[in-house]
Each structure stands twice: as C-alpha cells, then as structure tokens.
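Data first, discussion second: the structure below is written as structure tokens.
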Amino acid sequence: MEKGGGRGLPCRPAVCGIVVLLCATAFSCSLAAEFRRVKDKDMKLDGSLCSLPKSPAFELGVAAIAFLTVAQLVGTTAAATTMRASTCSKPGKPAVTRGRAASVALLVLSWLCFALAVVLLATAASMNSGQRYGRGWMDGDCYVARTGVFGGAAALVVVTALLILGLTFVTKPAPAGISTMAARSCARGDTACTATIRVGAATGADAEHPGGRSRQ
C-alpha cells in the first residue's frame with residue numbers, strides 16, 4: 001500500500017522556493033515603483049485644472065500585486081491542505097491541536113498582511129496611471145502617492161513571505177502510517193477516515209510484536 005506521510009516533505013522545498021521567488025519579484029517591483037512614481041513637480045496646472053502623466057510605477061505596482069497574489073495562494077493552499085490531512089490523521093490530540101492553532105494564526109496574519117500590501121499597491125499604482133485635466137484621481141483633484149507608500153508595501157511583502165514560510169514549516173505532514181487514499185479521504189471529510197486510521201494502526205502493532213499474526 002502506498003504511503004502518503006512522506007509526500008509532504010519533498011513538496012515543502014518546492015513550495016518554499018516558489019514563494020520566495022514570487023515574493024522577491026514582488027518586492028523588487030514595489031521597490032522600483034517607489035523610485036519611478038510621479039512626484040509633485042510632474043503635476044501640470046491649467047487654471048483650476050490639473051493633470052499628472054502616467055508613470056512606470058503603475059505597471060510595476062500591478063506586477064507586484066500579481067506576483068504577491070500567486071505566492072499567497074500557492075503557499076497558503078499547500079499549507080492548508082497539509083494541515084487538514086495532518087489534523088484528520090490524529091484528531092483530538094493536544095499536540096495536534098496546538099500545532100493547528102499556530103498554523104491558523106500564521107494563516108490569518110499572512111492574509112492580513114497580504115490584504116494591506118495589496119491595498120497600498122493598488123492605491124499607489126492607480127495614482128500613477130495618469131490623471132487627466134478635469135478628471136484627476138478623485139472628484140477632479142489630482143493626488144500623488146506619498147513617499148514611502150510603495151516602500152511600505154515592499155516591507156509588507158517581506159513580512160507576508162516570512163509568514164507564509166513560517167506557516168509552511170509549522171504545518172506538519174500526515175504521519176507515514178496513513179496512505180495517500182486515506183489522507184485524501186480525510187481532506188474530503190470522509191467519515192471512514194477514522195476507521196481506516198485505526199485499521200492501519202492495528203496492522204502496524206501486529207507487525208511490531210513477534211507473536212502477532214503474519215500475512216503470507
């Protein structure tokens with residue numbers, strides 16, 4: 001019977017590598033946008049009307065949001081799936097409960113930091129998309145992103161990446177005694193999961209005792 005407990009370990013470096021690569025790219029885009037954003041001196045006035053040119057910071061901000069979103073989805077989805085299977089394999093144990101509480105806390109914090117970073121990036125990027133005479137950014141007025149907005153978003157990208165990596169390492173894979181099919185059943189909430197786990201544990205106990213029954 002195929003074992004599923006060790007499958008989480010080989011995938012962990014791959015997930016971490018993808019998250020680090022995507023978050024590093026998002027960080028670079030955010031930091032570059034900070035230096036390429038429009039400034040007050042770029043504003044043009046025509047009487048009571050104003051305009052601002054389009055800046056490369058707009059594309060950089062959008063790219064940072066895209067890379068960060070993919071990293072967030074990949075990291076949290078992989079961790080949540082592993083956490084689900086691991087919790088189902090040993091339901092009710094205090095160690096599992098504490099581990100799940102830590103994982104849930106990191107998961108919530110990562111989504112909060114992600115949401116705040118996206119809000120900052122989206123707002124600042126929209127201010128760099130070009131503001132025409134009479135339209136501006138809001139109610140006909142022109143707005144310029146303050147210094148440090150993109151930089152603050154870049155810092156949040158780093159925090160989000162660290163939280164995702166912490167979540168990946170805190171979340172433990174299902175034990176080796178659980179088959180791949182049983183782990184999938186647990187992830188689906190199958191009621192036969194507990195019975196499968198008990199049968200697997202009983203089989204392992206028979207194998208450990210010399211006087212136990214042997215199978216041909």
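The values are calculated or read from the model by the stated rules, or taken from the named source; none is laboratory data. Values in this document were obtained by computation on a predicted structure and should not be read as measured data. Backbone-built Cβ (ideal geometry, glycine too); neighbour counts: all protein chains shown. The area values use the complete protein model at the heavy-atom level, side chains included, leaving out ligands, DNA and RNA. Shrake-Rupley method; radii C 1.70, N 1.55, O 1.52, S 1.80 Å.
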key: Total formal charge among the other residues, if their Cβ is under 15 angstrom from that of G61, Lys/Arg +1 and Asp/Glu -1   = +2
query = Among L165, L52, L45, what's the order by accessible area (1.4 angstrom probe), most exposed first?
reply = L45, L165, L52
query = Roughly how many Å² of V159 are accessible to a 1.4 Å probe, to the nearest 10?
reply = 60
request  = Could you order I65, I164, I18 so the one with the most accessible surface comes first? Probe is 1.4 Å.
outcome  = I18, I65, I164
task = Could you work out how far apart the two model spin labels at L21 and T147 are, taking each label as a point 7 Å from the Cα in the direction of the beta carbon, and quote it in nm?
result = 3.7
query = So for the pair C11, V119, with labels modelled 7 Å out along Cα→Cβ, what separation do we get in nm?
reply = 3.2
key: At R0 = 41 Å, FRET efficiency that the Cβ-Cβ distance of A80 and K39 yields, to 0.05   = 0.45
